[in-house]
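Okay, structure first, notes after.
The values are calculated or read from the model by the stated rules, or taken from the named source; none is laboratory data. Bear in mind the structure is a predicted one, so any value in this text is a computation, not a measurement. All Cβ positions, even for glycine, are placed from backbone atoms using ideal geometry, and neighbour counts span all protein chains on display. With ligands, DNA and RNA removed, areas are computed over all heavy atoms of the protein, side chains included. Shrake-Rupley method; radii C 1.70, N 1.55, O 1.52, S 1.80 Å.
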Amino acid sequence: MDAPSLLAWYRAHHRSMPWRDIVSPYRTLVSEIMLQQTRVDTVIPYFERFMKDFPTVDALAEAPLERVLERWSGLGYYSRARNLHGAARAVVAEGGFPKDVEGLRALPGVGPYTAGAIASIALGLDEAVVDGNVERVMCRQMAWAEDPKRIKARLWDKAREWLPAGQAADFNQALMELGATVCTPLSPSCLLCPIRAGCAGVHAPDRYPAKEKKAAVPEAVAVAALLRSEGRLLLARRPPTGLLAGLWELPGALGDDLDAALAARVGLSLVEATPLGTVTHVFSHLRLHTTVYEARTAGVARADGGYQEVRWVPSADVDGMALSTLTRRTLRLGSAPTTTPRTPAAKRRPAPPS
Ligand code: SF4
């Protein structure tokens, strides 16, 4: 590994990012948690808004979880927001950030990678990091064709061996930046690579690392209802644990029976429903097809079937609620104000006597 060449390239070419321009353990923690499974250009506006709302770890620790989830809304993988909030509270309870990797790893949601990133980038410690980008660069440099999941320990040992003393912050970020911009998964730009000379995989980079075969994701269907009343929309709050915990959504359920879903989960009787369309959303474990209906119901809404709460929310306030990306997509299907039920394909039955 030609660390001096890699460091020189990084210092000349790295992209400007808000968490790189001003560095602190708190900013590194927030950015690294946000960057888990999310692209840099998606994260930047969320990070900047988050820093305005919660400029310090104390501000985040003091904020109610509901508000944190609102600011996270649309970023996905909401357990990250809950863990981040828990980590901020743990840091404040301990009187400050831990001073080593072991202490950092004890924080909720902080694994070896995030702990290494905070320790090296924000605390200046000689600690390695290995993320997906670093794995790819390393496997190509070493011509290691195995699945990185099977050689974790070897990758971490090699990353520690490569670390130039006292320069872990820039070196780690350089490896990650190289993987993100030059040594990319498809068509790496080897001719522009600062560590090309020592690369054992340069003649066939596509062979490294081994590509794992992904198992087919199971599919499921669900129904959801847009229920309006006097400029308000009925939203239901999901259970405090499990998928999309604590977020608000259009009332509905797994399966294709809207009638049964509304009765079981919000205590309402379906009067009329018009399908607006189907949203397909891919979770890490499930591909979910949700059919959204504009609907009219009878009865008084109440939380049931696992929901924590139901609320008639003024339409202008819906956007500010803690909503998942899936719910935002389902809402878009009904974004045209509808006061008169549509008739084609509508499911109709007589209104119950009042
Ligand atoms: S030479 Fe090519 S394969 Fe090797 S590290 Fe550089 S970009 Fe990756």
*Do we have residue 126 as in the same structural domain as residue 32 (by TED's automatic domain parsing), open to solvent by 50 Å² or more (accessible area, probe 1.4 Å) and away from the ligand (no atom under 12 Å from the Cβ) here?*
yes
_Any residue in the stretch 175-190 that is near the ligand (Cβ under 8 Å from one of its atoms) sitting within a Cβ distance under 7 Å of a residue that is basic (Lys, Arg) and not in a helix (DSSP H, G or I)? List the pairs, counting only those 6 or more apart or interchain._
190/196
*asked:* I'm told residue 199 meets every condition in (1) within 13 Å of residue 6 (Cα to Cα); (2) in contact with a strand residue (DSSP E or B) (Cβ under 7 Å, 6 or more places away or on another chain); (3) of a type in the set (A, V, I, L, M, F, W, C) except one. Can you identify the failing condition by its number?
replied: (2)
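Whether any residue in the stretch 122-129 is out of contact with any strand residue (DSSP E or B) (no Cβ under 8 Å at 6 or more places or on another chain) and without any contact (Cβ under 8 Å) to a residue 24 or more places away in the chain is what I want to check.
Pass one, the stretch 122-129, residues out of contact with any strand residue (DSSP E or B) (no Cβ under 8 Å at 6 or more places or on another chain): 122-129.
From what is left, the residues that are without any contact (Cβ under 8 Å) to a residue 24 or more places away in the chain are none.
No: the stretch 122-129 contains no residue that is out of contact with any strand residue (DSSP E or B) (no Cβ under 8 Å at 6 or more places or on another chain) and without any contact (Cβ under 8 Å) to a residue 24 or more places away in the chain.
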*So which residues in the stretch 145-154 are closer than 22 Å to residue 202 by Cβ and either surrounded by 21 or more Cβ atoms within 10 Å (Cβ to Cβ) or free of Cβ contacts under 8 Å to residues at least 12 places away in the same chain (or both)?*
151, 154
*Looking only at the stretch 161-185, which residues are open to solvent by 20 Å² or more (accessible area, probe 1.4 Å) and of a type in the set (Asp, Glu)?*
161, 170
_Residue satisfying condition, being at pLDDT 95 or above, among the acidic types (Asp, Glu), more than 15 Å from the ligand (Cβ to nearest atom) and in the same structural domain as residue 125 (by TED's automatic domain parsing), within set 170, 147_ = 170
*Search result, residues across the stretch 285-298 that are assigned to a loop (DSSP other than H, G, I, E, B) and surrounded by 14 or more Cβ atoms within 10 Å (Cβ to Cβ)*: none
*Would you check which residues across the stretch 24-53 are over 16 Å from residue 78 (Cβ atoms) and among the aromatic types (Phe, Trp, Tyr) and list them?*
26, 47
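Take residues that are surrounded by 22 or more Cβ atoms within 10 Å (Cβ to Cβ) and basic (Lys, Arg) and tell me which of the helices (runs of 4 or more DSSP H) falling wholly in the stretch 1-43 contain 1 or more.
25-35
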*Scan the stretch 79-86 and give yes if some residue there is open to solvent by less than 40 Å² (accessible area, probe 1.4 Å), over 26 Å from residue 158 (Cβ atoms), of a type outside the set (Lys, Arg) and modelled with pLDDT under 95, otherwise no.*
yes
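Is it fair to say residue 71 is in a helix (DSSP H, G or I), within 16 Å of residue 30 (Cα to Cα) and open to solvent by less than 60 Å² (accessible area, probe 1.4 Å)? Let's see the steps before the verdict.
Working: in a helix (DSSP H, G or I): yes; within 16 Å of residue 30 (Cα to Cα): yes; open to solvent by less than 60 Å² (accessible area, probe 1.4 Å): no.
No: the conditions fail for residue 71.
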*Residues located in the stretch 299-318, provided they are more than 21 Å from residue 271 (Cβ to Cβ), open to solvent by 60 Å² or more (accessible area, probe 1.4 Å) and hydrophobic (A, V, I, L, M, F, W, C)*: 316
*May I ask you to list the residues in the stretch 195-221 that are more than 8 Å from the ligand (Cβ to nearest atom) and of a type outside the set (A, V, I, L, M)?*
198, 203, 206, 207, 209, 211, 212, 213, 214, 218, 219
*Quick one: which of 276, 270, 331, 326 is surrounded by 19 or more Cβ atoms within 10 Å (Cβ to Cβ), over 28 Å from the mean Cα position of the chain (by Cα), touching a residue at least 40 places away in the same chain (Cβ under 8 Å) and not in a loop (DSSP other than H, G, I, E, B)?*
270
*Go through (1) open to solvent by less than 50 Å² (accessible area, probe 1.4 Å); (2) in contact (Cβ under 8 Å) with a residue 24 or more places away in the chain and name the single condition residue 207 misses.*
(1)
